[in-house]
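Notes follow the structure.
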Amino acid sequence: MSVLVYTESENGKFKKTAYEVASYAKGIADMMGTDVAAVAFNAEGAGDLGTYGVNRLHNVTDSALEKFTASAYAKAIAEAAKAEDAKVVVISSSADARYLGSLLSVHLDAGYVSNVVELPSSADPFTVKRNVFTNKAFANTSITTDRKLVGLSKNAYGLKENAVDCEVKDFAPSIEEGDFKVKVESVDKATDKVTIADAEIVVSAGRGLKGPENWNMVEELADVLGAATACSKPVSDMGWRPHSEHVGQTGKPVASNLYIAIGISGAIQHLAGINSSKTKVVINSDPEAPFFKAADYGVVGDAFEVVPALTEKLKAFKASNS
């Protein structure tokens, strides 16, 4: 019996979320007095997982599974869980994992709790703390099924090194043509930018920038910080920025370590989508902007003066420490 974790990868490389869910699974395994097994698809660098406590990796090498397909992935992970007799399965809260979670819970006849932020407070009953009401509150939820499926909220647990030797096993699940209910033909992504989903830092802007021609200063600040760029809903609605950058309750959720909001008033739908970010900084000329009540740090000032000055200070700091 072990704790099984699904470790996401892209182009053969493990994502940061893979190491976080592995760290979390190790924490549960220590509570239960067992070890950690992982399942991955066409992944490389298994030793990296060992750094975060994974004892065994079931690596599926199959060209048909190079692109994420929820139904096929769910079946394969369920087979790995049954092979390990895993009573607890851990996944992330990425967009793919959320899609996967409900299917996997059916395969395993497992209770599924998403948005989990801490290790279980109790192993019997198995009780976890999770975000609810668009991150406005917490709930302690008990899972009473024999198998349990946990979706860990991004950046909730962090990376915790606990090095062990990781044995890599080739794993060939019984995937059939009928398991590919939805087929992904191609995936197009910008390769020169940090994505919102993977970003530790997000620089976001709203209508306060007055037009798309002024977005270069947002991109310059993001470039200095190694951050992803994002925007409010009105900005994407007006076509200033692509809809893929819209963050908020009706856009992409953000759980970054640092979220910088420039010229965004702070509508409740926007705040609900970024509330899981650990540190929130707002730059706005209106001292009554609602965002200031939710922010950890605030700057009242003209973004066209504050942002370039901040960017230059950061450039000088990086230069002096290089």
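Values quoted throughout were computed directly from the atomic coordinates according to the rules given, and no laboratory measurement underlies them. Please read all numbers here as calculations on a predicted model, not as lab measurements. Positions of Cβ are backbone-derived with ideal geometry, glycine not excepted, and every protein chain shown enters the neighbour counts.
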- request: Taking H placed 1.01 Å from N in the peptide plane, check which residues at least 5 places from S114 or on another chain put their amide H under 5 Å from its amide H.
  value: G151
- line: The distance between the Cα centres of segment 107-127 and segment 1-20, in whole Å, is 18
message: What's the ranking of 158-167, 215-224 by average number of surrounding C-beta atoms within 10 Å, highest first?
response: 215-224, 158-167
- prompt: Once both labels are modelled 7 Å past Cα along the beta-carbon direction, what's the S102-F133 spacing in nm?
  reply: 2.4
statement: The ³J(HN,Hα) series, computed from each phi in segment 314-322 with the Karplus coefficients 6.51, -1.76 and 1.60 at θ = phi - 60°, rounded to the nearest Hz and given as x for glycine or proline, is 5, 4, 5, 5, 5, 5, 6, 10, 8
task: Order by neighbour count: R98, R241, R56, fewest other Cβ atoms within 10 Å first, most last.
output: R98, R241, R56
message: With the cut-off at 19 Å, tell me which of the pairs K26/K75; K26/K148; K87/K160; K210/K233 have Cα atoms farther apart than that.
response: K26/K75; K87/K160
- line: In deg cm²/dmol, rounded to the nearest 500, the helical mean residue ellipticity at 222 nm of the chain, built from -39500 (n - 2.57) for every DSSP H run of length 4 or more, is -9000 deg cm²/dmol
- request: Could you calculate the FRET efficiency of E118 with D296 from 1/(1 + (r/R0)^6), where r is the beta carbon distance between them and R0 is 22 Å, rounded to 0.05?
  value: 0.60
- prompt: Which shape class, rounded, prolate or oblate, goes with segment 1-100 when its Cα gyration tensor gives a ≥ b ≥ c as root eigenvalues, a/c under 1.5 marks rounded, and past that a/b bigger than b/c marks prolate?
  reply: prolate
field: In sequence order, calculated HN-Hα J values of segment 170-177 (Karplus, 6.51, -1.76, 1.60; Hz; x Gly/Pro)
entry: 6, 10, 10, x, 7, 8, 10, 4
- request: May I ask for the distance between the Cα centers of segment 301-322 and segment 25-91, given as a whole number of Å?
  value: 43
- line: Per the rule of 0.36 nm per residue minus the C-alpha distance, extending E10 to N162 adds in nm 52.4 nm
field: Among V117, V306, V254: highest mean-square fluctuation, GNM of the chain, C-alpha pairs under 10 Å
entry: V306
task: State which entries of K136/K315; K16/K129; K129/K252 exceed 31 angstrom in Cα-Cα distance in the structure shown.
output: K136/K315
- prompt: Short version: ³J(HN,Hα) in whole Hz for each residue of segment 120-137, in order, from phi by Karplus 6.51 cos²θ - 1.76 cosθ + 1.60 (θ = phi - 60°), x for Gly and Pro, what are they?
  reply: x, 7, 8, 8, 8, x, 6, 10, 10, 9, 9, 6, 9, 6, 6, 6, 8, 8
- request: Quick one: dipole size for the chain, taken about the Cα centre, charges +1 on Lys/Arg Cβ and -1 on Asp/Glu Cβ, in debye to the nearest 20.
  value: 840
- prompt: Is segment 225-309 best put as rounded, prolate or oblate by its Cα gyration tensor, with a ≥ b ≥ c the root eigenvalues, rounded for a/c under 1.5, and otherwise prolate when a/b is larger than b/c, oblate when not?
  reply: rounded
